[in-house]
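The values are calculated or read from the model by the stated rules, or taken from the named source; none is laboratory data. Keep in mind that this is a model prediction, so the values were computed, not measured. Note that each Cβ is placed from the backbone with ideal geometry, even for glycine, and that neighbours are counted across all protein chains shown. Only protein heavy atoms, including side chains, enter the accessible area calculation; ligands, DNA and RNA are left aside. Shrake-Rupley method; radii C 1.70, N 1.55, O 1.52, S 1.80 Å.
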Amino acid sequence: MRILEACYEINFSKVNFIERKTKITHPKTIITGAPKTGKSYLIYDFLSNFKTSDYLYIDFSDPRNEKESIEKHLAEFLKTNKIIVLVLENFLFDFEIPSCENIIISTSIDKKIRGFKNISIKALDFEEYILHDNKHQNITQSFNSFLKHGNLAEIINIEEHKKIQKLQEILKIQSKNETEFKILKILFENIDEKKSLLQLFNILKQSIKISKDNFYNTCKILENENRIYFLSKYNQEKAVKKIYSYNHSFLNALTHNKKFKNEFSNMIFLELVNRYKELYYLDNIDFYIKSKKQAIVAIPFFNNFLMAANVRKIIKVMTEYEIEELNIITISNNEKISNKNFKINVIPFYEWALS
(Lines give C-alpha, C1' and ligand atoms only; values in the text may rest on other atoms or scores of the structure.)
Protein backbone atom coordinates (compact mmCIF):
# COMPACT_ATOMS: atom_id res chain seq x y z
CA MET A 1 0.00 0.00 0.00
CA ARG A 2 2.98 2.32 0.66
CA ILE A 3 3.84 2.25 -3.06
CA LEU A 4 0.37 3.49 -4.00
CA GLU A 5 0.50 6.18 -1.32
CA ALA A 6 3.81 7.42 -2.77
CA CYS A 7 2.36 7.46 -6.28
CA TYR A 8 -0.69 9.35 -4.97
CA GLU A 9 1.57 12.14 -3.69
CA ILE A 10 2.89 12.94 -7.18
CA ASN A 11 1.83 16.42 -8.30
CA PHE A 12 1.98 17.53 -11.95
CA SER A 13 0.31 20.92 -11.49
CA LYS A 14 3.60 22.81 -12.06
CA VAL A 15 4.66 20.93 -15.21
CA ASN A 16 5.08 23.36 -18.10
CA PHE A 17 3.23 21.94 -21.11
CA ILE A 18 3.19 23.28 -24.68
CA GLU A 19 0.17 22.38 -26.80
CA ARG A 20 0.43 19.45 -29.21
CA LYS A 21 -1.79 18.63 -32.17
CA THR A 22 -2.62 15.31 -30.52
CA LYS A 23 -4.65 15.50 -27.32
CA ILE A 24 -6.43 13.10 -24.95
CA THR A 25 -10.14 13.64 -25.54
CA HIS A 26 -11.65 10.37 -24.30
CA PRO A 27 -11.95 9.33 -20.61
CA LYS A 28 -10.51 5.91 -21.41
CA THR A 29 -7.48 6.18 -23.68
CA ILE A 30 -4.54 4.00 -24.67
CA ILE A 31 -1.52 5.97 -25.94
CA THR A 32 1.25 4.44 -28.02
CA GLY A 33 4.28 6.04 -29.64
CA ALA A 34 8.03 5.78 -29.95
CA PRO A 35 10.21 6.69 -26.95
CA LYS A 36 10.59 10.41 -26.13
CA THR A 37 7.77 11.52 -28.43
CA GLY A 38 5.72 13.08 -25.63
CA LYS A 39 3.34 10.42 -24.31
CA SER A 40 3.93 11.43 -20.68
CA TYR A 41 3.49 15.15 -21.33
CA LEU A 42 0.22 14.43 -23.09
CA ILE A 43 -0.90 12.73 -19.88
CA TYR A 44 0.33 15.64 -17.72
CA ASP A 45 -1.74 17.99 -19.88
CA PHE A 46 -4.82 15.83 -19.33
CA LEU A 47 -4.21 15.69 -15.57
CA SER A 48 -4.05 19.50 -15.41
CA ASN A 49 -7.86 19.44 -15.72
CA PHE A 50 -8.17 17.70 -12.33
CA LYS A 51 -7.24 18.33 -8.72
CA THR A 52 -4.17 16.45 -7.47
CA SER A 53 -6.37 14.45 -5.10
CA ASP A 54 -8.46 13.22 -8.06
CA TYR A 55 -5.76 11.19 -9.78
CA LEU A 56 -3.36 8.32 -9.17
CA TYR A 57 -0.29 8.16 -11.43
CA ILE A 58 1.69 4.91 -11.63
CA ASP A 59 4.75 4.50 -13.85
CA PHE A 60 5.70 0.84 -14.26
CA SER A 61 9.14 1.75 -15.62
CA ASP A 62 9.97 3.07 -12.13
CA PRO A 63 11.79 0.19 -10.36
CA ARG A 64 10.29 1.30 -7.01
CA ASN A 65 6.80 0.42 -8.23
CA GLU A 66 6.47 -3.32 -7.65
CA LYS A 67 3.74 -4.74 -9.85
CA GLU A 68 2.61 -7.47 -7.43
CA SER A 69 1.94 -5.01 -4.61
CA ILE A 70 0.15 -2.58 -6.92
CA GLU A 71 -2.03 -5.30 -8.41
CA LYS A 72 -3.02 -6.55 -4.94
CA HIS A 73 -4.10 -3.18 -3.48
CA LEU A 74 -5.03 -0.99 -6.47
CA ALA A 75 -8.81 -1.51 -6.62
CA GLU A 76 -9.20 -0.93 -2.87
CA PHE A 77 -6.97 2.18 -2.98
CA LEU A 78 -8.99 3.73 -5.82
CA LYS A 79 -12.24 3.18 -3.91
CA THR A 80 -10.95 4.38 -0.53
CA ASN A 81 -9.52 7.63 -1.94
CA LYS A 82 -12.39 8.28 -4.36
CA ILE A 83 -9.96 8.57 -7.26
CA ILE A 84 -11.54 9.45 -10.62
CA VAL A 85 -8.42 9.32 -12.85
CA LEU A 86 -6.08 6.33 -13.00
CA VAL A 87 -2.89 6.66 -15.08
CA LEU A 88 -0.87 3.54 -15.91
CA GLU A 89 2.36 4.54 -17.64
CA ASN A 90 4.46 1.92 -19.47
CA PHE A 91 1.80 -0.68 -18.70
CA LEU A 92 2.20 -4.22 -20.04
CA PHE A 93 -1.42 -5.37 -19.51
CA ASP A 94 -0.18 -8.14 -17.24
CA PHE A 95 -2.96 -7.76 -14.70
CA GLU A 96 -6.64 -6.85 -14.85
CA ILE A 97 -7.39 -3.13 -15.06
CA PRO A 98 -9.66 -2.06 -12.17
CA SER A 99 -12.76 0.06 -12.62
CA CYS A 100 -12.30 3.85 -12.71
CA GLU A 101 -14.12 6.77 -14.33
CA ASN A 102 -11.03 7.86 -16.32
CA ILE A 103 -8.22 5.47 -17.25
CA ILE A 104 -5.23 6.65 -19.27
CA ILE A 105 -2.65 4.06 -20.33
CA SER A 106 0.69 4.57 -22.08
CA THR A 107 2.26 1.47 -23.57
CA SER A 108 4.46 0.07 -26.31
CA ILE A 109 1.91 -2.69 -26.92
CA ASP A 110 -0.67 -2.29 -29.69
CA LYS A 111 -3.67 -3.24 -27.54
CA LYS A 112 -7.36 -2.81 -28.37
CA ILE A 113 -9.85 -2.84 -25.47
CA ARG A 114 -13.57 -2.29 -25.79
CA GLY A 115 -14.53 1.15 -24.51
CA PHE A 116 -11.02 2.55 -24.90
CA LYS A 117 -9.88 4.99 -27.58
CA ASN A 118 -6.44 4.32 -29.11
CA ILE A 119 -4.21 7.24 -30.06
CA SER A 120 -0.67 7.26 -31.40
CA ILE A 121 1.66 10.19 -30.82
CA LYS A 122 4.63 10.97 -33.04
CA ALA A 123 7.60 13.26 -32.50
CA LEU A 124 7.20 16.98 -33.19
CA ASP A 125 6.35 18.03 -36.71
CA PHE A 126 7.96 21.30 -37.85
CA GLU A 127 5.00 23.46 -36.87
CA GLU A 128 5.02 22.02 -33.33
CA TYR A 129 8.81 22.33 -33.20
CA ILE A 130 8.60 26.09 -33.79
CA LEU A 131 6.17 26.42 -30.86
CA HIS A 132 8.60 24.55 -28.60
CA ASP A 133 11.68 26.42 -29.83
CA ASN A 134 12.07 29.59 -27.77
CA LYS A 135 15.82 29.68 -28.35
CA HIS A 136 15.96 30.83 -31.97
CA GLN A 137 14.81 34.19 -33.23
CA ASN A 138 13.48 33.33 -36.69
CA ILE A 139 12.13 30.50 -38.80
CA THR A 140 15.42 29.99 -40.67
CA GLN A 141 17.33 29.36 -37.44
CA SER A 142 14.59 27.01 -36.19
CA PHE A 143 14.68 25.10 -39.47
CA ASN A 144 18.47 24.72 -39.33
CA SER A 145 18.22 23.36 -35.78
CA PHE A 146 15.33 21.05 -36.70
CA LEU A 147 17.27 19.68 -39.67
CA LYS A 148 20.48 19.17 -37.72
CA HIS A 149 19.22 17.92 -34.36
CA GLY A 150 15.83 16.37 -35.09
CA ASN A 151 12.30 16.44 -33.76
CA LEU A 152 12.47 15.39 -30.09
CA ALA A 153 11.26 18.12 -27.73
CA GLU A 154 13.80 17.44 -24.98
CA ILE A 155 16.73 18.04 -27.38
CA ILE A 156 15.70 21.60 -28.26
CA ASN A 157 17.07 23.47 -25.23
CA ILE A 158 20.10 21.27 -24.53
CA GLU A 159 23.47 22.93 -25.11
CA GLU A 160 24.67 22.54 -28.69
CA HIS A 161 27.72 20.42 -27.89
CA LYS A 162 25.63 17.95 -25.85
CA LYS A 163 22.86 17.26 -28.38
CA ILE A 164 24.58 14.36 -30.19
CA GLN A 165 25.50 12.75 -26.88
CA LYS A 166 21.91 13.04 -25.68
CA LEU A 167 20.57 11.41 -28.87
CA GLN A 168 23.03 8.55 -28.38
CA GLU A 169 21.89 8.15 -24.76
CA ILE A 170 18.24 8.02 -25.86
CA LEU A 171 19.05 5.25 -28.34
CA LYS A 172 20.95 3.22 -25.73
CA ILE A 173 18.29 3.66 -23.05
CA GLN A 174 15.46 2.58 -25.35
CA SER A 175 17.35 -0.53 -26.49
CA LYS A 176 16.59 -3.61 -24.41
CA ASN A 177 20.09 -5.01 -25.02
CA GLU A 178 23.18 -4.61 -27.20
CA THR A 179 21.64 -6.72 -29.98
CA GLU A 180 18.60 -4.46 -30.26
CA PHE A 181 20.87 -1.41 -30.30
CA LYS A 182 22.84 -2.91 -33.20
CA ILE A 183 19.59 -3.62 -35.08
CA LEU A 184 18.40 -0.04 -34.54
CA LYS A 185 21.79 1.24 -35.65
CA ILE A 186 21.82 -0.62 -38.96
CA LEU A 187 18.23 0.39 -39.69
CA PHE A 188 18.85 4.06 -38.91
CA GLU A 189 22.06 4.03 -40.95
CA ASN A 190 19.99 3.00 -43.96
CA ILE A 191 17.16 5.54 -43.83
CA ASP A 192 15.80 6.54 -47.23
CA GLU A 193 17.46 3.47 -48.75
CA LYS A 194 15.84 0.58 -50.59
CA LYS A 195 17.20 -2.28 -48.52
CA SER A 196 15.54 -5.59 -47.77
CA LEU A 197 15.61 -7.02 -44.26
CA LEU A 198 17.52 -9.98 -45.64
CA GLN A 199 20.24 -7.68 -46.97
CA LEU A 200 20.54 -5.93 -43.62
CA PHE A 201 20.52 -9.23 -41.72
CA ASN A 202 23.35 -10.58 -43.87
CA ILE A 203 25.39 -7.45 -43.16
CA LEU A 204 24.67 -7.50 -39.43
CA LYS A 205 25.44 -11.18 -38.86
CA GLN A 206 29.02 -10.54 -40.00
CA SER A 207 29.63 -8.44 -36.89
CA ILE A 208 27.37 -10.01 -34.23
CA LYS A 209 25.83 -13.37 -33.47
CA ILE A 210 22.13 -13.16 -34.29
CA SER A 211 19.44 -15.43 -35.71
CA LYS A 212 17.25 -14.43 -38.62
CA ASP A 213 14.11 -14.94 -36.50
CA ASN A 214 15.43 -12.61 -33.79
CA PHE A 215 16.31 -9.95 -36.35
CA TYR A 216 12.97 -10.12 -38.19
CA ASN A 217 10.93 -10.22 -34.95
CA THR A 218 12.79 -7.20 -33.53
CA CYS A 219 12.23 -5.26 -36.76
CA LYS A 220 8.51 -6.06 -36.54
CA ILE A 221 8.36 -4.81 -32.93
CA LEU A 222 10.21 -1.61 -33.89
CA GLU A 223 7.74 -1.07 -36.72
CA ASN A 224 4.74 -1.67 -34.44
CA GLU A 225 6.16 0.87 -31.98
CA ASN A 226 6.54 3.45 -34.80
CA ARG A 227 10.28 3.66 -34.26
CA ILE A 228 10.86 2.42 -37.79
CA TYR A 229 8.75 2.78 -40.92
CA PHE A 230 8.84 0.71 -44.08
CA LEU A 231 7.51 2.53 -47.16
CA SER A 232 6.09 0.34 -49.95
CA LYS A 233 6.41 0.90 -53.66
CA TYR A 234 2.98 1.63 -55.11
CA ASN A 235 1.18 -1.44 -56.47
CA GLN A 236 4.27 -3.64 -55.96
CA GLU A 237 3.98 -5.39 -52.62
CA LYS A 238 7.00 -7.61 -53.31
CA ALA A 239 9.28 -4.69 -54.17
CA VAL A 240 11.95 -3.70 -51.65
CA LYS A 241 10.67 -1.16 -49.12
CA LYS A 242 12.35 2.10 -48.17
CA ILE A 243 13.36 2.54 -44.52
CA TYR A 244 12.64 5.59 -42.36
CA SER A 245 13.26 6.52 -38.72
CA TYR A 246 10.92 8.35 -36.36
CA ASN A 247 13.69 10.93 -35.88
CA HIS A 248 15.86 11.80 -38.88
CA SER A 249 18.77 13.04 -36.73
CA PHE A 250 19.53 9.60 -35.27
CA LEU A 251 21.55 8.90 -38.43
CA ASN A 252 23.96 11.73 -37.63
CA ALA A 253 24.22 10.50 -34.04
CA LEU A 254 25.25 7.00 -35.14
CA THR A 255 27.75 7.54 -37.95
CA HIS A 256 30.29 10.04 -39.24
CA ASN A 257 29.23 9.17 -42.79
CA LYS A 258 27.28 12.16 -44.04
CA LYS A 259 24.01 11.32 -45.82
CA PHE A 260 22.41 14.74 -45.99
CA LYS A 261 19.90 13.85 -48.71
CA ASN A 262 18.76 10.80 -46.72
CA GLU A 263 18.19 12.85 -43.57
CA PHE A 264 16.36 15.53 -45.54
CA SER A 265 14.11 12.94 -47.21
CA ASN A 266 13.38 11.30 -43.83
CA MET A 267 12.38 14.70 -42.47
CA ILE A 268 9.92 15.15 -45.37
CA PHE A 269 8.59 11.61 -44.87
CA LEU A 270 7.75 12.34 -41.22
CA GLU A 271 5.70 15.38 -42.22
CA LEU A 272 3.84 13.29 -44.80
CA VAL A 273 3.18 10.26 -42.59
CA ASN A 274 1.45 12.62 -40.14
CA ARG A 275 -0.88 13.83 -42.88
CA TYR A 276 -1.65 10.83 -45.08
CA LYS A 277 -2.58 7.23 -44.32
CA GLU A 278 -1.63 5.99 -47.79
CA LEU A 279 1.88 6.92 -48.84
CA TYR A 280 4.14 5.18 -51.37
CA TYR A 281 7.25 5.64 -53.47
CA LEU A 282 7.76 5.24 -57.21
CA ASP A 283 10.79 5.08 -59.48
CA ASN A 284 12.35 8.60 -59.52
CA ILE A 285 9.67 9.84 -57.09
CA ASP A 286 10.38 9.84 -53.35
CA PHE A 287 6.77 10.02 -52.19
CA TYR A 288 3.50 9.39 -54.01
CA ILE A 289 0.18 10.52 -52.52
CA LYS A 290 -2.38 8.72 -54.66
CA SER A 291 -5.42 10.41 -53.07
CA LYS A 292 -4.03 13.84 -54.02
CA LYS A 293 -2.54 12.77 -57.38
CA GLN A 294 0.61 14.36 -56.05
CA ALA A 295 4.32 13.53 -56.16
CA ILE A 296 6.93 14.77 -53.67
CA VAL A 297 10.64 14.80 -54.49
CA ALA A 298 13.42 15.81 -52.10
CA ILE A 299 16.14 17.84 -53.80
CA PRO A 300 17.88 19.89 -51.08
CA PHE A 301 19.82 22.11 -53.46
CA PHE A 302 17.76 22.51 -56.62
CA ASN A 303 19.22 23.96 -59.81
CA ASN A 304 16.76 24.21 -62.71
CA PHE A 305 19.46 23.82 -65.35
CA LEU A 306 21.34 20.93 -63.71
CA MET A 307 18.17 19.09 -62.69
CA ALA A 308 16.38 19.33 -66.05
CA ALA A 309 17.12 15.70 -66.98
CA ASN A 310 15.86 14.47 -63.57
CA VAL A 311 12.66 16.47 -63.94
CA ARG A 312 12.04 14.90 -67.37
CA LYS A 313 12.33 11.43 -65.79
CA ILE A 314 9.92 12.43 -63.03
CA ILE A 315 7.41 13.83 -65.54
CA LYS A 316 7.51 10.55 -67.46
CA VAL A 317 6.45 8.67 -64.29
CA MET A 318 3.81 11.31 -63.53
CA THR A 319 2.29 10.78 -66.97
CA GLU A 320 2.21 7.01 -66.43
CA TYR A 321 0.44 7.29 -63.06
CA GLU A 322 -1.78 10.28 -63.95
CA ILE A 323 -0.15 12.46 -61.30
CA GLU A 324 -1.18 16.10 -61.62
CA GLU A 325 1.13 17.94 -59.23
CA LEU A 326 4.82 17.77 -58.35
CA ASN A 327 6.31 19.44 -55.28
CA ILE A 328 10.10 19.58 -55.24
CA ILE A 329 11.11 20.22 -51.62
CA THR A 330 14.37 22.14 -51.13
CA ILE A 331 16.39 23.83 -48.41
CA SER A 332 15.71 27.36 -49.63
CA ASN A 333 14.78 27.45 -53.35
CA ASN A 334 11.37 28.81 -54.26
CA GLU A 335 10.15 28.90 -57.87
CA LYS A 336 7.60 27.52 -60.32
CA ILE A 337 8.52 25.44 -63.36
CA SER A 338 6.43 26.13 -66.41
CA ASN A 339 4.71 23.04 -67.81
CA LYS A 340 1.47 22.92 -69.77
CA ASN A 341 0.46 19.50 -68.41
CA PHE A 342 1.49 19.57 -64.76
CA LYS A 343 1.67 21.88 -61.78
CA ILE A 344 5.31 21.92 -60.67
CA ASN A 345 6.41 23.81 -57.56
CA VAL A 346 9.90 24.20 -56.08
CA ILE A 347 9.34 24.97 -52.38
CA PRO A 348 11.56 25.43 -49.29
CA PHE A 349 10.85 22.82 -46.62
CA TYR A 350 9.80 25.34 -43.97
CA GLU A 351 7.24 26.92 -46.30
CA TRP A 352 5.89 23.56 -47.46
CA ALA A 353 5.71 22.07 -43.94
CA LEU A 354 3.74 25.05 -42.62
CA SER A 355 1.34 25.24 -45.57
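Values as computed for the structure displayed
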{"read-out": "14 Å reach of a label modelled at E101, 7 Å along Cα-to-Cβ, counting backbone N of segment 12-45", "value": "27-28"}
{"read-out": "Dipole magnitude of segment 21-169 about its Cα centre (Cβ charges: Lys, Arg +1; Asp, Glu -1), debye to nearest 20", "value": "320"}
{"read-out": "Surrounding net charge for M1, when Lys and Arg each add one and Asp and Glu each subtract one, Cβ distance under 15 Å", "value": "-1"}
{"read-out": "Q206 versus D94: modelled label distance in nm, points set 7 Å from Cα along the beta carbon direction", "value": "3.9"}
{"read-out": "Size of charge dipole - the chain - debye, nearest 20, with Cβ of Lys, Arg +1 and Asp, Glu -1, no other charges", "value": "940"}
{"read-out": "Antiparallel bridge percentage (DSSP; both residues within the chain; nearest 5)", "value": "35"}
{"read-out": "Listed residues K122, K176, K259, most fluctuating in the chain (Gaussian network, C-alpha, under 10 Å)", "value": "K176"}
{"read-out": "Paramagnetic reach from D110 in segment 174-203 [backbone N under 18 Å; point 7 Å along Cα→Cβ]", "value": "197"}
{"read-out": "Whole-number accessible area per residue in Å² for the chain, which is evaluated in the context of all protein chains at 1.4 Å", "value": "52"}
{"read-out": "Members of K21/K163; K23/K293; K176/K212; K185/K220; K163/K194 lying beyond 22 Å, as alpha-carbon distances in this model show", "value": "K21/K163; K23/K293; K163/K194"}
{"read-out": "Among L222, F201, L56 the positive-end extreme of the charge dipole of the chain (Cβ point charges)", "value": "F201"}
{"read-out": "For segment 192-319: rounded, prolate or oblate by the Cα gyration tensor [a/c cutoff 1.5]", "value": "prolate"}
{"read-out": "Prolate/oblate/rounded label for segment 45-115 (Cα gyration tensor, a/c 1.5)", "value": "rounded"}
{"read-out": "Where labels lie 7 Å past Cα in the beta-carbon direction, separation of E76 and I139 in nm", "value": "6.0"}
{"read-out": "Potential extension, S232-N339 segment - 0.36 nm per residue separation minus Cα distance", "value": "35.6 nm"}
{"read-out": "Cα gyration tensor, segment 246-319 - rounded (a/c under 1.5), prolate or oblate", "value": "oblate"}
{"read-out": "Theoretical ellipticity at 222 nm over the chain - DSSP helices of four or more residues, -39500 (n - 2.57) apiece, nearest 500", "value": "-11000 deg cm²/dmol"}
{"read-out": "Simple label model, 7 Å out from Cα along Cβ direction - N118 to R64, nm", "value": "3.4"}
{"read-out": "Candidates K185, K117, K209: whichever shows maximal mean-square fluctuation once the chain is modelled as a Gaussian network with Cα springs under 10 Å", "value": "K209"}
{"read-out": "Which of H161, H256 is most accessible, then next, and so on - probe 1.4 Å", "value": "H256, H161"}
